[in-house]
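> Below are the structure tokens for one structure; questions will follow.
Taken together, the values in this text are just the output of simple stated rules run on the coordinates, not laboratory data. Just so it is clear, the structure is predicted and the values come from calculations on it, not from any experiment. So basically every Cβ, Gly included, is an ideal-geometry build from the backbone, and we count neighbours across all protein chains shown.
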């Protein structure tokens with residue numbers, strides 16, 4: 001049976017509207033979009049696992065090599081709203097194809113780059129594609145299913161980033177340790193080509209409303225409650241990623257430079273972090289987002305204080321990585337809940353801004369970690385993260401007070 005056609009924005013013929021056609025085929029398309037975020041997230045996170053090989057190959061220091069993570073994340077944060085606005089009236093399917101092609105070009109360029117500056121240029125191209133892909137994939141996934149399943153569809157797409165941390169980055173680290181960091185780029189290239197083929201073959205053209213302009217996207221920043229909650233995301237994840245960005249160097253005493261051991265630590269971080277993210281959302285529904293965020297940030301600060309003393313043995317490093325991963329990822333879901341509670345009507349814009357602030361945090365962590373390595377050494381940079389985490393805890397409490405003050409009933413002047 002042929003599915004009815006519609007027109008998506010831009011005038012191209014669309015394969016289906018939500019609720020029509022096979023539900024199984026729609027979810028197959030959603031999962032393929034999630035596979036795309038997996039490929040994109042793998043490039044973003046895997047370089048932390050191959051920094052030693054990367055820095056030696058290109059003749060730069062570990063701290064300098066870490067700036068490739070900063071450049072990627074900063075480009076995502078800045079270019080995502082700009083490119084989304086420039087392509088707002090395009091059909092989403094065309095945006096998806098362009099974003100994957102841009103990302104593919106950047107990954108291939110990175111693999112072929114003869115020097116560190118060329119790596120940075122190639123990563124800017126890749127990050128531009130990544131910043132464009134994730135919002136377009138989320139919108140497309142939500143349009144492929146009925147309204148009652150849109151949350152699950154978007155979650156399936158964004159879960160690709162979590163899977164990249166838990167699976168893609170460790171696999172890429174093993175590949176890079178065995179065959180060199182350029183082999184890691186070719187591994188990501190294969191993932192990206194498969195993603196492009198999947199988008200072309202399995203993702204139908206659907207009719208979706210054109211997103212608003214840049215001013216509309218940034219409008220929630222006029223609410224100081226939103227700004228403080230977003231600042232909490234920024235500062236908390238800066239604390240978390242100070243260590244992750246330089247994980248290979250921080251845990252070098254425990255791994256002995258063995259890429260497989262480092263991959264195990266990265267896998268533990270991603271896997272337990274995924275569980276932490278899920279259960280944090282459940283706990284937030286039961287006990288409130290403020291309590292869960294506060295607890296996760298406090299646990300993060302404690303784990304970062306203990307971490308330098310757990311890098312002497314692999315077993316101790318594994319235990320502290322598990323605690324660190326649960327605390328770091330336990331912040332995500334309740335922070336999103338807090339934002340949505342502030343203005344449910346603007347939920348998509350708020351979640352998009354939260355993602356942009358998360359990318360900014362990754363960028364800042366690369367710079368702070370590099371300065372810390374130069375000043376106190378890689379082993380102790382987690383202490384800088386602990387101080388930043390305490391600041392995040394203070395911001396979280398300030399956000400709660402502002403939200404409570406705004407929602408409290410005004411006093412009766414006649415009383």
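> How would you classify the range 21-209 from its alpha-carbon gyration tensor, with a ≥ b ≥ c the square roots of the eigenvalues: rounded for a/c under 1.5, else prolate if a/b is greater than b/c, otherwise oblate?
It comes out prolate by the Cα gyration axes.
> Based solely on its DSSP helices, what 222 nm [θ] is calculated for the chain when runs of n ≥ 4 H residues each add -39,500 (n - 2.57) and the sum is averaged over all residues, nearest 500 deg cm²/dmol?
-25500 deg cm²/dmol
> Just the Cα atoms of the range 208-359: what Rg and Dmax do they give in Å?
Calculated on Cα positions, Rg and Dmax stand at 17.4, 55 Å.
> For residue 291 and residue 86, what does the FRET efficiency come to when R0 = 41 Å and r is the distance between their Cβ atoms, rounded to the nearest 0.05?
0.50
> At q = 0.10, 0.14 Å⁻¹, what log₁₀ I(q)/I(0) does the chain have when each alpha carbon counts as one equal point scatterer in the Debye sum?
-0.66, -1.26
> Modelling each spin label as a point 7 Å along the Cα-to-Cβ direction, I'd like the residue 260/residue 118 distance in nm, to one decimal.
About 3.4 nm, to one decimal.
> Taking the Cα centre of each part, how many Å lie between the range 40-84 and the range 213-249?
A separation of 18 Å, based on Cα centres.
> What residue among 397, 249, 44 has the largest mean-square fluctuation in a Gaussian network model of the chain, using Cα springs under 10 Å?
The residue that fluctuates most here is 397.
> Once label points are set 7 Å from the Cα along Cα→Cβ at both residue 190 and residue 390, what is their separation, rounded to one decimal in nm?
So the label points at residue 190 and residue 390 sit 4.7 nm apart.
> Using Cα springs under 10 Å in a Gaussian network model of the chain, which residue among 136, 219, 263 shows the largest mean-square fluctuation?
Ranking 136, 219, 263 by mean-square fluctuation puts 219 first.
> Now for a separate question. Connecting C-alpha atoms closer than 10 Å in a GNM of the chain, tell me which of 123, 216, 335 has the biggest fluctuation.
Maximum among the listed residues: 216.
> Report the extension gain between residue 279 and residue 306 in nm, rounded to one decimal, defined as 0.36 nm multiplied by the number of residues separating them, less their alpha carbon distance. Working shown, then result.
On the way: separation 27, 0.36 × 27 = 9.72 nm, distance 2.36 nm.
Once the chain is fully extended between residue 279 and residue 306, it gains 7.4 nm.
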